[in-house]
Amino acid sequence: MPIPPLRTLVICTAASLICALFSACSTLIPQQAPLQTVAPNHPMVTVSGRTQTMLDGSERFGYPGVSFTVNVKAKGVIFNASSTSGNNYLDVYIDGQLQRSIKLEKAATDYVVFNHNRAQQHQVKILNRSESWHGLATLHSIRVQDGKFLAPPAKPRTKLLVIGDSVTCGTGANRKQGCEMDPSWWDAHNSFGMQLGRALNAETHLVCYGGRGVMRSWNGEPKDIQAPAFYDLAVPEPWADAPWDNSKFKADIILVSLGTNDFSMGIPDQQTFINTYVAFATILLRDHPNATIAITDGAILGHDELNKKGTLQNYLKQVQAAVDSPRLAFIPSNIYAGDSCDAHPTGEQHTQMAQDLQVQLEQLLNTKR
């Protein structure tokens, strides 16, 4: 038998030595627990709400109430997220119960949802508590430790779209002691729109922006992005370059609560307001051909010396008449003007608002059947 060249013997011997060394090391160094990582746009993740999918599969979002839900059987779950400002809050739910609220760091950071000694089955939901002007949040990944993702949860069949301003975004729904407002006061989960959605067993999208209206902002500025414009965006910031495809969410019910900010600086021009609103309502009817649409005046405007509430209600009735569709109706809102700290409704008032609107919406839906 021919003797192999020395070079071959050296290589074989070295390889054997390396293999032996690594084999020995593996008995001394504990192996890291296996992790399974998915991007938030993975089919195992149920996404609700408008998001912007980035090139790496991460999801950026600004509207409150956007959520990511997974079913798992694992020892632990970790997600990685970031914020453009460091002022965004995410709520973390385990099996339907709020575990904690997390203020995101600017840098992409790992956040532990749970860490058990043995694998357990849970449903985990990560929900955006904040709104766009606080900053934009990005969910980069979700990981399970010593376990696996299970079949994703199904969404409710009924779809509810709620379009509005800061009240719709849940401003003040999580009041803290004292009157100094900070981003933790926002509470999308307990906003009237999300509560209404749960009562109607509907998947709910909140499309809202604090301080904005139909034709002008709370300070009278018409050049800001208003509801007819941010309605077409996945992330309500023009610089984000995030158009929304409305075919992705065909609503069965639409509730539009706008006008408070248009009236903040006084009574807006009647014809401009009505024409702008009619054009917007016409787009909603076109994009959601099976939807029942209710337009309402909101909870903040009161019976002041200018009769802003009465005037807005009158404008909305004229919008209904001009649109002249059996699928669009005006419903009035009761006044829930917050407390001594802030004019935005409290959490309890959001619950009352949801109950008020539920009664009227169900009556409206019953007449359409």
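Condition check ((1) open to solvent by 10 Å² or more (accessible area, probe 1.4 Å); (2) in contact with a helix residue (DSSP H, G or I) (Cβ under 7 Å, 6 or more places away or on another chain); (3) in a loop (DSSP other than H, G, I, E, B)) across all residues:
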{"site": "Ser85", "(1), (2), (3)": "yes, yes, yes"}
{"site": "Arg100", "(1), (2), (3)": "yes, no, no"}
{"site": "Asn115", "(1), (2), (3)": "yes, no, no"}
{"site": "Ser130", "(1), (2), (3)": "no, yes, yes"}
{"site": "Trp133", "(1), (2), (3)": "yes, no, no"}
{"site": "Pro152", "(1), (2), (3)": "yes, no, yes"}
{"site": "Lys159", "(1), (2), (3)": "yes, no, no"}
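Taking segment 87-98 as the region of interest, how many residues are among the aliphatic types (A, V, I, L, M) and either in a loop (DSSP other than H, G, I, E, B) or at pLDDT below 95 (or both)?
Qualifying residue count for the region: 0.
May I ask you to list the residues in segment 68-82 that are surrounded by fewer than 24 Cβ atoms within 10 Å (Cβ to Cβ) and touching a His at 6+ places or on another chain (Cβ under 9 Å)?
Selection gives Asn71, Lys73, Lys75, Gly76, Phe79, Asn80, Ser82.
Sort through Trp239, Trp185 and tell me the only one that's at pLDDT below 95, surrounded by 14 or more Cβ atoms within 10 Å (Cβ to Cβ) and within 24 Å of Thr84 (Cβ to Cβ). Steps first, answer last, please.
Numbers: Trp239 fails: surrounded by 14 or more Cβ atoms within 10 Å (Cβ to Cβ).
Exactly one of Trp239, Trp185 is at pLDDT below 95, surrounded by 14 or more Cβ atoms within 10 Å (Cβ to Cβ) and within 24 Å of Thr84 (Cβ to Cβ), namely Trp185.
Which numbered condition in (1) farther than 30 Å from Lys248 by Cα; (2) loosely packed, with under 15 Cβ neighbours inside 10 Å is the only one that Lys106 fails?
Just one mismatch for Lys106, condition (1).
List pairs: first in segment 350-361 and within 9 Å of Gln195 (Cβ to Cβ) and among the β-branched types (Val, Ile, Thr), second open to solvent by 50 Å² or more (accessible area, probe 1.4 Å) and part of a helix (DSSP H, G or I), Cβ under 9 Å, 6+ apart or cross-chain?
From residues that are within 9 Å of Gln195 (Cβ to Cβ) and among the β-branched types (Val, Ile, Thr), the pairs are Thr351/Asn190.
Looking only at segment 208-222, decide whether some residue is open to solvent by 20 Å² or more (accessible area, probe 1.4 Å), under 18 Å from Leu258 (Cα atoms), free of Cβ contacts under 8 Å to residues at least 24 places away in the same chain and of a type outside the set (A, V, I, L, M, F, W, C).
Yes, that holds for at least one residue.
Consider Lys309 against the criteria (1) closer than 29 Å to Asn201 by Cβ; (2) in contact with a His (Cβ under 7 Å, 6 or more places away or on another chain): it satisfies all of them except one. Which criterion is unmet?
Lys309 satisfies all of (1) closer than 29 Å to Asn201 by Cβ; (2) in contact with a His (Cβ under 7 Å, 6 or more places away or on another chain) except (1).
Which residue, of Ala279, Ala294, is touching a Leu at 6+ places or on another chain (Cβ under 7 Å) and of a type in the set (A, V, I, L, M, F, W, C)?
Just one listed residue meets the conditions, Ala294.
Considering only segment 64-106, state which residues are in contact with a strand residue (DSSP E or B) (Cβ under 7 Å, 6 or more places away or on another chain), among the polar types (S, T, N, Q) and under 22 Å from Leu150 (Cβ atoms).
Result: Ser67, Thr69, Asn71, Asn80, Gln99.
Inside segment 317-369, can you point out the residues that are more than 28 Å from Ala173 (Cβ to Cβ), among the small types (Gly, Ala, Ser) and open to solvent by 50 Å² or more (accessible area, probe 1.4 Å)? Reasoning before the result, please.
The initial filter retains those residues of segment 317-369 that are more than 28 Å from Ala173 (Cβ to Cβ), namely 317-318, 320-327, 366-369.
Next, from what is left, pick out any that are among the small types (Gly, Ala, Ser): 321-322, 325.
Hits for segment 317-369 are Ala321, Ala322.
If I filter segment 322-343 for residues that are in a helix (DSSP H, G or I), modelled with pLDDT of 95 or more, of a type in the set (A, V, I, L, M, F, W, C) and at negative phi, do I get at least one hit?
There is at least one residue in segment 322-343 that is in a helix (DSSP H, G or I), modelled with pLDDT of 95 or more, of a type in the set (A, V, I, L, M, F, W, C) and at negative phi.
Examine segment 300-311 for a residue that is in a loop (DSSP other than H, G, I, E, B) and under 23 Å from the mean Cα position of the chain (by Cα), and state whether such a residue exists.
yes
Anything in segment 118-128 that is out of contact with any His (no Cβ under 8 Å at 6 or more places or on another chain) and open to solvent by less than 10 Å² (accessible area, probe 1.4 Å)? List them, or say none. Steps first, answer last, please.
Residues of segment 118-128 out of contact with any His (no Cβ under 8 Å at 6 or more places or on another chain): 118-126, 128.
Answer for segment 118-128, where residues must be out of contact with any His (no Cβ under 8 Å at 6 or more places or on another chain) and open to solvent by less than 10 Å² (accessible area, probe 1.4 Å): Val124, Ile126, Asn128.
Restricting to segment 179-207, and then to whatever is assigned to a loop (DSSP other than H, G, I, E, B) and without any contact (Cβ under 8 Å) to a residue 24 or more places away in the chain, can you tell me which residue is nearest to the chain's Cα centre (by Cα)?
Ranking the qualifying residues of segment 179-207, first place goes to Asp182.
Going by the structure shown, is Arg198 of a type in the set (Lys, Arg) and buried (at least 16 other Cβ atoms within 10 Å of the Cβ)?
no
Across segment 286-316, which residue is least open to solvent (accessible area, probe 1.4 Å) among those that are closer than 19 Å to Val162 by Cα and of a type in the set (D, E, K, R)?
My answer is Asp297.
What is the residue count in segment 102-113 for residues that are in a strand (DSSP E or B) and under 17 Å from the mean Cα position of the chain (by Cα)?
Step one: of segment 102-113, the residues in a strand (DSSP E or B) are 102-103, 109-113.
Among the residues that remain, those that are also under 17 Å from the mean Cα position of the chain (by Cα) are: 102-103.
Residues in segment 102-113 being in a strand (DSSP E or B) and under 17 Å from the mean Cα position of the chain (by Cα): 2 in total.
Applying the selection to segment 203-255, what residues are aromatic (Phe, Trp, Tyr) and more than 26 Å from Leu361 (Cα to Cα)? Show your work before the answer.
Here is the first cut: in segment 203-255, the ones aromatic (Phe, Trp, Tyr) are 209, 218, 230-231, 239, 244, 249.
Of everything in segment 203-255, those that are aromatic (Phe, Trp, Tyr) and more than 26 Å from Leu361 (Cα to Cα) turn out to be Trp218, Trp239, Trp244.
The values are calculated or read from the model by the stated rules, or taken from the named source; none is laboratory data. Owing to the predicted nature of the structure, the values given are computational and were not obtained by experimental measurement. Positions of Cβ are generated from backbone atoms using ideal geometry, with glycine treated the same way; all protein chains shown enter the neighbour counts. Keep in mind that these areas ignore ligands, DNA and RNA; they rest on the heavy atoms of the full protein, side chains included. Shrake-Rupley method; radii C 1.70, N 1.55, O 1.52, S 1.80 Å.
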